[in-house]
Structures are given as structure tokens and as C-alpha cells.
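The values are calculated or read from the model by the stated rules, or taken from the named source; none is laboratory data. All values reported here derive from a predicted model rather than from experimental measurement. Glycine gets a Cβ as well: all are built from the backbone with ideal geometry, and neighbour counts include every protein chain shown.
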Amino acid sequence: MSEPAPSAPFICPDAFREFLDQPEFFVRLFQTFILETRQDLENLEAASMLPHAAKAAGIAHRIKGGAAAVGAEPLRAEAARVEILGREGRLPEVRAGVGNLREEFARFCRFVAGRAAPGEN
């Protein structure tokens, strides 16, 4: 039994194929998630630079929920970790976590873009 490649940003990369059967839903879901997460990452970074630990935790919580909704498990797990750091007031670690979240988000975006090419089913 083969396991998903370690670089796959989904719980089950094969589940991604299900979205391709509903392209309009797929496009709306992932575009909304990508746009909102991009803005959330900017807001999270800003909150971590100002001493707003509770706000940072709330933003990380929102990223966690969105990532869970699209099956982006590594991003969800990192957002959960950053959320806890924010709740504990550990802003220097939240700032470091923003970089990790950006990396996971970029991997997610590359994964989606590489599989949503026009005409691919």
C-alpha cells in the first residue's frame, strides 16, 4: 500500500480528484480560501508585530478552520500550533510560525495550481 508523497498538502491527495468533478464548486471554494488566507496571513503577521496575541490567535484559528474545510492538513496543523502560541502570548514564536504558515500555504497553492490546469480531469 503506497502512502501519499510527504510533500502533498492534503489529508488525502486523491480526494482532490473529487473536486474536479464539480469544477465550479472547486474554483469557488479554493479561490475563496486562497484569497481569504492570503489576507489572514498578512493580518496575522501584523498582529504578531504589535502585541496583539489574542488577535493573532483568532486569525490563526480562522486559518485553521479554512484549511480543515479544504483538507489542507499540514496547513491546518501549523495554524493550530500558532493559535496555541497566540493564546499563550508567545508572540516571538507566533512570528516564526507565520513563516511556516506561509510555506505551507505556498505548497498548497502550488499543489492546487498544478492540478487545476485547464482541460485536466
Task: Residue identified as crowded, with 21+ Cβ neighbours inside 10 Å, over 24 Å from Asp21 (Cα atoms) and out of contact with any Phe, Trp or Tyr (no Cβ under 9 Å at 6 or more places or on another chain) among Leu50, Leu101 - done: Leu101
Task: Gly114 surrounded by fewer than 22 Cβ atoms within 10 Å (Cβ to Cβ), assigned to a helix (DSSP H, G or I) and within 13 Å of the chain's Cα centre (by Cα) - done: no
Task: the range 86-98 residues that are more than 17 Å from Lys64 (Cα to Cα), paired with ones that are surrounded by fewer than 17 Cβ atoms within 10 Å (Cβ to Cβ) and of a type outside the set (A, V, I, L, M, F, W, C) (beta carbon under 7 Å, 6 or more apart) - done: Leu91/Pro51
Open item on the list: For the range 35-45, check the following and say yes or no: at least one residue is in contact with a helix residue (DSSP H, G or I) (Cβ under 8 Å, 6 or more places away or on another chain), under 23 Å from Phe111 (Cα atoms) and among the polar types (S, T, N, Q).
Closed with: yes
Open item on the list: Restricting to the range 53-71, and then to whatever is within 14 Å of Arg95 (Cα to Cα) and surrounded by fewer than 18 Cβ atoms within 10 Å (Cβ to Cβ), can you tell me which residue is farthest from the chain's Cα centre (by Cα)?
Closed with: Ala54
TODO: Quick one: count up the residues across the range 1-44 that are at pLDDT 65 or above and of a type in the set (Ser, Thr, Tyr).
DONE: 2
Open item on the list: I'm trying to understand the selection: among the residues of the range 23-38, which are among the aromatic types (Phe, Trp, Tyr) and over 23 Å from Arg102 (Cβ atoms)?
Closed with: Phe25, Phe26
